[in-house]
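Here the structure comes first, spelled out in C-alpha cells, and everything after it is commentary.
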Amino acid sequence: MLFLPLLDRALRMPSLPRSTSHYLAWAALSITAIVLLVWRPVFASFGLITLFAVALPEEWYFRAYFMDRLGKGFRPNAIASILFSLLHGLTRDWSTALLVFVPSLFYGWLYQRTRDLPLLILTHALSNLVFVMFLAQFIADFMGNSR
C-alpha cells in the first residue's frame, strides 16, 4: 500500500517550506535526536530504522498522499488516523492501535497546519524514539506485561 502513490500519475509532492522557522524546527528535532542517541547509543540502529523505514514511508503515504486526497479539515485527518491505527492493530496488536491514534491525529493536524513533510517525518521518528527509550517499559509494567 505504501507504494501506491508511485503509480498515481497525478501525485505532486508538497514543496519544501523554506522559512527560517521550519529550518529551526528541523534543526531542533535533529539535535534532540542526536543528543538522545549519543546519550544512549544502543538505540542508534532503532533511530535510523524508525526514521527511514517507518516515519518516512508512513508519513509520505498517510499525510502527503492519502490525507491530501481526502481533502482538508478534521474529517480527512480522522479517516487517515483511523486507517493508520487499524493497520497498526492488524500488524502488531490492538493496544498499539489505540496508542498510535492520538499521535496520528496530531501528525495530521501538524501536516495540515505546516505542509512540512520533513518536519512531520522528524517529529514521528523522534516520538517513536522517545517512546521506545522512555515510555514503552513503563506502559508494559503498568499494564502488567513484562518484557
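Read-outs: derived from the displayed coordinates by stated rules, not from any lab. Only a predicted model underlies this, so the values are computations on that prediction, with no experimental measurement involved. Cβ coordinates were reconstructed from backbone atoms using ideal geometry, including for glycine residues, and neighbour counts include every protein chain displayed.
Couple of notes before you dig in:
- Kyte-Doolittle at least 0.0, axis length at least 24 Å by Cα - qualifying DSSP helices, the chain: 20-39, 74-91, 94-114
- Cα centroid separation, the range 109-132 to the range 47-62 (Å): 10 Å
- Spin-label pair L48/L70, simplified geometry with 7 Å Cα→Cβ offset, distance in nm: 3.4 nm
- In terms of other Cβ atoms within 10 Å, Y65, Y23, Y107 run from fewest to most in the order Y23, Y65, Y107.
- Cα-centred dipole magnitude for the range 41-135, charges only on beta-carbon of K, R (+1) and D, E (-1), debye, nearest 20: 280 debye
- Top positive-direction residue, dipole computed over the chain with Cβ charges, set M67, L129, S85: M67
- Its DSSP H runs of at least 4 residues, each contributing -39,500 (n - 2.57), put the calculated 222 nm mean residue ellipticity of the chain at -19500 deg cm²/dmol, to the nearest 500.
- Entry note, the range 30-109: relative contact order of 21 percent, from Cα contacts under 8 Å with a spacing of 6+ residues.
- This ranking places T123, T20 by how few other beta-carbon atoms lie within 10 Å of each, fewest first, which gives T20, T123.
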